[in-house]
Amino acid sequence: MLGKLDYRKVCSRWVPRMFTRDHKTHRTEVCQDLLHQFETEGDKFLDNIVTGDETWCHHYQPESKRQSMEWRHPDSPRKKFKTQPSARKVMCTVFWDRRGVILLDFLEPGESVNSERYKTTLTKLKARISRVRPEKQTTFRLQHDNARPHTSLVTTAHISKFGWTVLPHPPYSPDLAPSDFHLFGPMKDGLCGQHFPDNGAVIAAVRKCLASAGADFYGCGIQALVHRWQKCITNCGDYVEK
């Protein structure tokens, strides 16, 4: 019926970075490597992944693109004024695995994510894994992106001191990072439309939102990596939309 009426559900989206041939080749090689490890070790490989990333959480976040989707006819567009997020915000770092959140870390006012601050976060992560995932202390694989604080000499030396294994991750690839393609969208949807008076209120809301997501939600995010590695290879390294 909807097809006959020529109605469609529409939503704007960001266009991914235009990959060069070298980018695509590197993405394909990384996904082949990760897929091979999964095929060799099975679900145990996914069980041992601990993934993490940072994102800004605003005191006010307007309606998301997904939430503003609507059924409409191509000839009847509706004007909508753009609403900006508030200037006040707090940086949130989340580390999680297929069972749930392991560490939530928030920057203090005036702090920025640099190598020294990220070292502090990783030290907190080590302590949290010892407490809540003791069986993973020597077996887990860290998955994070190529942001400068994650890959600096200072950070890599700190990770090496811990004896951790870091999974390869190609540059400009949020489509292969579970926090980006699975976690942060729903998390921010849960905050949309609310006005928070201070950082403490934002932090409490983030904690509540992530705690309300069941283990199945986190498990699906890690499991989705397999499909995305396969699709990236099939796409010859091009961007994976879903």
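Legend: residue pairs LYS124/LYS161; LYS89/LYS124; LYS119/LYS161; LYS126/LYS161; LYS136/LYS242; LYS136/LYS161, Cα-Cα distance threshold 20 Å; pairs beyond threshold, LYS89/LYS124; LYS136/LYS242. Counting only DSSP beta bridges with both residues in the range 89-242, the antiparallel share comes to about 75 percent. In terms of packing, defined here as the mean over residues of other Cβ atoms within 10 angstrom, the peptides 219-231, 34-46 line up highest first as 219-231, 34-46. For the range 157-162, backbone phi angles converted through the Karplus equation (6.51, -1.76, 1.60; θ = phi - 60°) give residue-by-residue couplings of 5, 5, 5, 4, 4, 6 Hz, Gly and Pro being listed as x. As a rough guide to protection, the peptides 168-176, 130-138 ranked by mean Cβ packing within 10 Å, highest first, stand as 168-176, 130-138. The length gained by stretching the chain between VAL113 and ASP189 to full extension, at 0.36 nm per residue less their Cα-Cα distance, is 25.0 nm. Applying the Karplus relation 6.51 cos²θ - 1.76 cosθ + 1.60 with θ = phi - 60° to the range 30-39 yields 3J(HN,Hα) values of 5, 5, 4, 4, 5, 5, 5, 4, 5, 5 Hz, where x marks Gly and Pro.
Values quoted throughout were computed directly from the atomic coordinates according to the rules given, and no laboratory measurement underlies them. Owing to the predicted nature of the structure, the values given are computational and were not obtained by experimental measurement. Because the Cβ atoms are built from the backbone with ideal geometry, glycine has one as well, and the counts that use them run over all protein chains shown.
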